[in-house]
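Heads up: the structure comes next, in structure tokens.
The numbers here are math on the coordinates, done by the rules we state, and not lab data. Quick caveat, the model's predicted, so the values are computed rather than measured. Because the Cβ atoms are built from the backbone with ideal geometry, glycine has one as well, and the counts that use them run over all protein chains shown.
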Amino acid sequence: MKPHPAAQAFPAPAKLNLDLRITGRRPDGYHLLESIFCLIDLCDTVWLLPRTDGQILLHNPAGGIPPEQDLSYRAARLLQQFSGSLQGVEIWLEKRIPSGGGLGGGSSDAATVLLALNHLWQTAVPPEELRRLGLSLGADVPFFLFGQNAFAQGIGEILRPMAVPEQWYVLVRPNAHVATPKIFAHPDLTRNSPPCPDPSFEQLQPFRNDMQAVVLAEYPSVVAAFRLLQHYGAPQMTGSGACLFIACATQNEAEYIRSRLPENLASWCVRGLAKHPLPAILRP
Ligand code: C5P
């Protein structure tokens, strides 16, 4: 279903976890992480058309789930309830970010809905309240609201800016849908990496992802893609997978590696972003 001609388009970029360590576990079972989050230029487009009657309509929920369960719908409802706004909205999602790949697509769509609707509805919810609302939707949402590359702690809600060098990435999606709760619950998961509370980008190298070993042990298709990528560099997994990437200094290098990959393996050549593209669009 095409967006209404009067709807406005707002970008929702994906993220990569360039480094991800699990440093402990909270009493409620959630894992404590330290991670470098980097925005990339692979973006969904969220189309929004405000309504005056208070209805929230999501026209094309991803993955066949009921619209009310989609994070973008829930983000709109949460902002409406929190702000007491009487307005509603129609939402269309133009998906480019594969879901369930560790790229944060659903969380980014939700963050874009919160930021853009706060602007369109003129609800003026302050940034720290938006981040609190975002965290109740998912651990990655506060990062997308933060709007720049970051070192994250806690379950992803404690954020500080981290400068990431301008890089390109070959991104690959193995044919596997990793169940995040299963990986977090795995008995062999590393949960005791030493914390590094205030690191620089350089101090954390060599980068690693503590979830990678368990995902490789459980999903043969991820191993196959990983081995393939090893011919061209040092592949890494983002989030709880299954997407893998190789960081490259130039676009040419990334394009070259991508050109060598088999056609039946979904792949992208993407660029790191220093800033989220949305705040510049919303500025009056
Ligand atoms: O945040 P998200 O909904 O993606 O988390 C899915 C599941 O992964 C949670 O229900 C929890 O079991 C686990 N999780 C965790 N520690 C985190 C994030 C998620 O244990 N920091």
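Here the calculated FRET efficiency for A274 and K95, from their Cβ-Cβ distance with R0 = 25 Å, stands at 0.55, rounded to the nearest 0.05.
Dividing the convex hull volume of the alpha-carbon atoms in region 44-123 by its residue count gives 77 Å³ per residue.
Between N209 and L20, the built amide H atoms are under 5 Å apart, and every one of these is 5 or more places off in sequence or on another chain.
Rounded to a whole number of µm²/s, how large is the Stokes-Einstein D of the chain at 25 °C and 0.890 mPa s, given Rh as the Kirkwood radius over C-alpha pairs?
Estimated via Stokes-Einstein, D reaches 126 µm²/s.
Principal axis analysis of the Cα atoms in region 35-83 yields extents of 40, 28, 19 Å, listed in decreasing size. Each 5 Å bin from zero up to the one holding the largest Cα-Cα distance in region 141-284 carries the following percent of pairs: 2, 9, 16, 19, 20, 18, 12, 4, 1, 0, 0. In a fully extended conformation the segment linking C196 and A179 would gain 3.4 nm over its present Cα-Cα distance, using 0.36 nm per residue. Over all orientations, region 1-134 has a Cα convex hull whose mean projected area works out to 9.2 square nanometres. In order along region 117-132, the phi-based Karplus estimate (6.51 cos²θ - 1.76 cosθ + 1.60, θ = phi - 60°) of 3J(HN,Hα) comes to 5, 4, 7, 5, 7, 6, 8, 6, 6, x, x, 5, 6, 4, 5, 5 Hz; Gly and Pro are listed as x.
Each peptide in 83-94, 261-272 receives the mean, over its residues, of other Cβ atoms within 10 Å, and ordering these scores from highest gives 83-94, 261-272.
With respect to the chain, whose longest principal axis is taken over its alpha-carbon atoms, helix 251-260 is tilted by about 70°. Full extension of the chain between R227 and A6 yields a length gain of 74.8 nm, computed as 0.36 nm times the residue separation minus the alpha carbon distance.
Once the convex hull of all Cα atoms in region 67-208 is built, its volume per residue stands at 156 Å³.
For region 121-183, the fraction of C-alpha pairs farther apart than 19 angstrom is 51 percent.
Only Lys, Arg, Asp and Glu count, each charged at its Cβ (+1, +1, -1, -1), so figure out the dipole size of the chain about its Cα centre, rounded to 20 debye.
The dipole magnitude comes to about 100 debye.
Taking a straight Cα-Cα cut-off under 17 Å and skipping sequence neighbours fewer than 8 places away in the same chain, the lysines within cross-link reach of K15 are K95, K275.
Using the alpha-carbon centroid of each, what span in Å lies between region 43-60 and region 127-192? Cα centroid to Cα centroid, the span is 25 Å. What the phi angles of region 56-69 give under the Karplus curve with 6.51, -1.76 and 1.60, with θ = phi - 60°, is a coupling list of 10, 10, 10, 7, 9, x, 6, x, x, 7, x, x, 5, 8 Hz, glycine and proline written as x.
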